[in-house]
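Trainee: My questions will all concern the structure given below.
Every read-out reported here was derived from the displayed coordinates using simple, explicitly stated rules and does not represent laboratory data. Everything numeric here is computed off the predicted structure, so don't read it as measured data. Please note: Cβ atoms are built from the backbone with ideal geometry, for glycine as well, and neighbour counts cover all protein chains shown.
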Amino acid sequence: MATRTYNFDGIVGPTHGYGGLSPGNLASMRHRGAPANPRAAALQGLDKMRRVHDLGGCQAVLPPQPRPDVRWLRRLGFTGSDAAVLRRCSAEAPDLLRAASSASAMWTANAATVAPSSDSGDGRVHLTVANLATMAHRSLEPPTTFRVLRRVFASAEHFVVHEPLPAVPPLFDEGAANHTRLTTTQGRVHLFAWGRAATGPDPQLRFPARQGELASRAVARLHQLRPEEALFWQQNPAGIDAGAFHTDVLAVGEGAFFMMHEAAFVEPDALREALAARLGHELQIVVANSAELPVAEAVAAYPFNSELIERSDGSLVILAPQEAWQSDASRAFLQRVVAEGGPVVDVEAIDVNASMNNGGGPACLRLRVPLTETEASSLGARVTYDAALDGELRAWVQRHYRDRLTLEDLSDPELLTEVHTALDELSEILELGSVYDFQTDPSAPNAS
Ligand code: SUG
């Protein structure tokens, strides 16, 4: 049965900000402490969804998570009312408050790894929630992500949502940001990229390698992939040190098309040969070398973090961040991709600057889930994007989001109340039921 790739974008949350929380993510480190405009950021995200939809791509949404995560702060020893917890944490450990407040669930490429029903042993769509254990602020996401995905992919006939892997170092897992599925009429390959070896010492890096090889192998097993259809490859440690904290900073692929920077993987020529051997001449691989596009510029401009939009005729459009279009070398590379012919017929730029300033380009903002028509019609919530949902979400953002947020604002108990009110309303718009802790646990103390 034919599938279409659905792009599940994370709606940018009401506490979107610049915490400088991700060592090794150069944009995040650079923008630490900058004031944010959560309303504009959320509207930018919705603009991208609208564009993908208008281009003929399949679009869906996933909700933000409740932040600041006061429960997490309580586990770290802050006590009293919610207001007291926020006040004390802000005074004694502002970095923890920043982490507890991050809207990082917006980067849904890190929410889970996915295998379509055509590829899994039991003929169901498999999703494994990422444990995101490398970064404290991101490690808060998995429990809520699990509940949300269980709600959206509720039909046990069609879907399996696996719990996150145990959050111990060799099993650290960052989801689909390190996974690419390529297909031709000759076959298919799930390319799993990892930075931390299964055995032996960690590579001596300046910046953390987030994805464990053992984690990638566990996900492939959980998804019941055929061994010959899974390929495990190491990220280039020099690429990680240059700022490619996830593979999708330097590589992206879809269907019969793959583009990468030569610094994305170790032994790029061998990778190319391995892919060609499995997928044949239909597979188009375009590689940027450092002379054409220096790795520092690739990391700054993010051409490889473009979204590849599958149109209904099967052709692809590259939706690049505007920063990739503004860089001469990066734009020239993208134009070369189109000029070479192949599945990519066009490239255009989109403004997701609010997300880019945290190291999240268009591809970070979406989780790809290939679905048959039957599977798409059995989703368990109102998450498929259309004009009506777009209108409701824009009005919801306008009603509830602030247009300025600084680190000082995070200790304001009013902000917490605003977020809970907004998310309560959103769960109704999306017909999600009660998926958030604060909706289900009446014993939790409130702001006072
Ligand atoms: O995990 N940034 C995210 C960006 C994630 C990008 N996703 C993919 N490449 N797929 C991260 O580093 C920064 C938040 C802050 O600093 O406030 C942040 O979490």
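Trainee: Quick one: order His137, His53 by neighbouring beta-carbon count within 10 Å, fewest to most.
Mentor: Sorted ascending by nearby Cβ count, the order is His53, His137.
Trainee: If you don't mind, another one. Using the Cβ atoms and a cut-off under 10 Å, what net charge is assigned to the surroundings of Val345, where Lys and Arg are +1 and Asp and Glu are -1?
Mentor: -1
Trainee: What is the local net charge at Arg74, summed over the other residues whose Cβ is closer than 13 Å to its Cβ (Lys, Arg +1; Asp, Glu -1)? Can you show the working numbers first?
Mentor: On the way: positive: Arg71, Arg75, Arg88; negative: Asp69, Asp82, Asp437, Asp441.
Value of the local net charge: -1.
Trainee: Once the other residues with Cβ under 14 Å from the Cβ of Glu392 are scored (Lys, Arg +1; Asp, Glu -1), what is the net sum?
Mentor: Net local charge, Glu392 excluded: -1.
Trainee: Give me Ile309, Ile350 sorted ascending by neighbouring Cβ count inside 10 Å, so fewest comes first.
Mentor: Ascending number of Cβ neighbours within 10 Å: Ile350, Ile309.
Trainee: For the pair Gln335 and Ala84, how long in nm is the line joining their label points, each one 7 Å along Cα→Cβ?
Mentor: 6.4 nm
Trainee: Round to the nearest 10 and give me the degree value, 0 to 90, for the angle of helix 142-152's Cα axis relative to the longest principal axis of the chain.
Mentor: 70 degrees
Trainee: What is the list of residues in the stretch 87-109 whose amide nitrogen lies under 19 Å from a point 7 angstrom out from the Cα of Arg75, following Cα to Cβ?
Mentor: Counting only backbone N, you get 89-90, 93-106.
Trainee: Using helices alone, what [θ] at 222 nm do you get for the chain, with -39,500 (n - 2.57) per DSSP H run of 4 or more residues, divided over all residues and rounded to the nearest 500? Please list the in-between numbers first.
Mentor: Working: 17 runs with 153 residues, N = 448.
Theoretical 222 nm ellipticity from helices: -9500 deg cm²/dmol.
Trainee: If you build the Cα gyration tensor of the stretch 81-219 and take the root of 5 times each eigenvalue, what three semi-axes come out, in whole angstrom, biggest first?
Mentor: 31, 21, 11
Trainee: I would also like to ask the following. Give me the distance in nm between label points sitting 7 Å out from Cα along the Cα-to-Cβ direction at Thr421 and Asn289, one decimal.
Mentor: Distance between label points: 6.0 nm.
Trainee: To continue, here is another question. In the P(r) worked out for the stretch 281-403, what percent of Cα pairs fall beyond 26 Å?
Mentor: Tail of the P(r) past 26 Å holds 34 percent of the pairs.
Trainee: So, one more: Using r as the Cβ-Cβ distance of Arg272 and Gln186, and R0 as 22 Å, what FRET efficiency do you calculate, to the nearest 0.05?
Mentor: On the way: r = 16 Å, r/R0 = 0.71.
It comes to 0.90.
Trainee: Any idea how far apart Gln439 and Met29 come out in nm if each label point goes 7 Å out from Cα toward Cβ?
Mentor: Going from the Gln439 label point to the Met29 one covers 3.9 nm.
Trainee: In which sequence would Leu319, Leu165 go, from the one with the fewest C-beta neighbours within 10 Å to the one with the most?
Mentor: Ordered from fewest to most neighbouring Cβ atoms within 10 Å, Leu319, Leu165 come out as Leu165, Leu319.
Trainee: Any chance you could list P(r) for the chain, counting all Cα-Cα pairs in 10 angstrom bins from zero, rounded to whole %?
Mentor: 4, 22, 34, 27, 10, 2, 0
Trainee: In 5 Å bins starting at 0, how do the alpha-carbon pair distances of the stretch 1-121 split up by percent?
Mentor: In order of increasing distance, the bins hold 2, 10, 15, 17, 17, 14, 10, 7, 5, 3, 1, 0 percent.
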